[in-house]
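Enquirer: Pasting a structure here, questions to come.
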Amino acid sequence: MRFINKTISCPHCGHHQHLNIDATGGDQDYYEDCRVCCNPIHMRMHLDESRLKIELYIDSDDEQIY
């Protein structure tokens, strides 16, 4: 099992938050609400098995596509 504790900053308000990341399910794409401003934080996790790394991408998911 791979569980990781990570501190991130909310892309909306900048507040620091502690996350417990469960990497046992492989690549994931999910949302978690900020504990302060309640806006959704988009998180994408990629497991790089060859380099034994977990890549976590955080964004506000408010980009507009034209």
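The values are calculated or read from the model by the stated rules, or taken from the named source; none is laboratory data. All values derive from a computational prediction rather than experimental measurement. Note that we place each Cβ from the backbone using ideal geometry, even for glycine, and neighbour counts take in every protein chain shown. Heads up: the accessible areas ignore ligands, DNA and RNA and are worked out on the full protein's heavy atoms, side chains in. Shrake-Rupley method; radii C 1.70, N 1.55, O 1.52, S 1.80 Å.
Enquirer: Looking at region 53-66, can you tell me whether even one residue there is in contact with a Cys (Cβ under 9 Å, 6 or more places away or on another chain), in a loop (DSSP other than H, G, I, E, B) and surrounded by 12 or more Cβ atoms within 10 Å (Cβ to Cβ)?
Expert: yes
Enquirer: Now, a different point. Could you check region 15-66 and list, in sequence order, the residues that are among the acidic types (Asp, Glu) and either within 18 Å of Ile4 (Cβ to Cβ) or touching a Leu at 6+ places or on another chain (Cβ under 7 Å) (or both)?
Expert: Scanning region 15-66 gives Asp22, Asp27, Asp29, Glu32, Asp48, Glu49, Glu55.
Enquirer: Name the residue that is surrounded by the fewest Cβ atoms within 10 Å (Cβ to Cβ), counting only residues in region 1-14 that are without any contact (Cβ under 8 Å) to a residue 24 or more places away in the chain and farther than 12 Å from Ile41 by Cα.
Expert: Taking the candidates together, the pick is Met1.
Enquirer: How many of the residues in region 20-38 are modelled with pLDDT of 90 or more and either on the phi > 0 side of the Ramachandran plot or touching a strand residue (DSSP E or B) at 6+ places or on another chain (Cβ under 7 Å) (or both)?
Expert: Qualifying residue count, region 20-38: 10.
Enquirer: Also, quick follow-up: Does Ile41 count as open to solvent by less than 40 Å² (accessible area, probe 1.4 Å), within 20 Å of Leu52 (Cα to Cα), in contact (Cβ under 8 Å) with a residue 12 or more places away in the chain and not in a loop (DSSP other than H, G, I, E, B)?
Expert: No: the conditions fail for Ile41.
Enquirer: Mind listing whichever residues of region 46-61 are under 17 Å from Asp29 (Cα atoms) and of a type outside the set (Lys, Arg)?
Expert: Residues satisfying the conditions are His46, Leu47, Asp48, Ile54, Glu55, Leu56, Tyr57, Ile58, Asp59, Ser60, Asp61.
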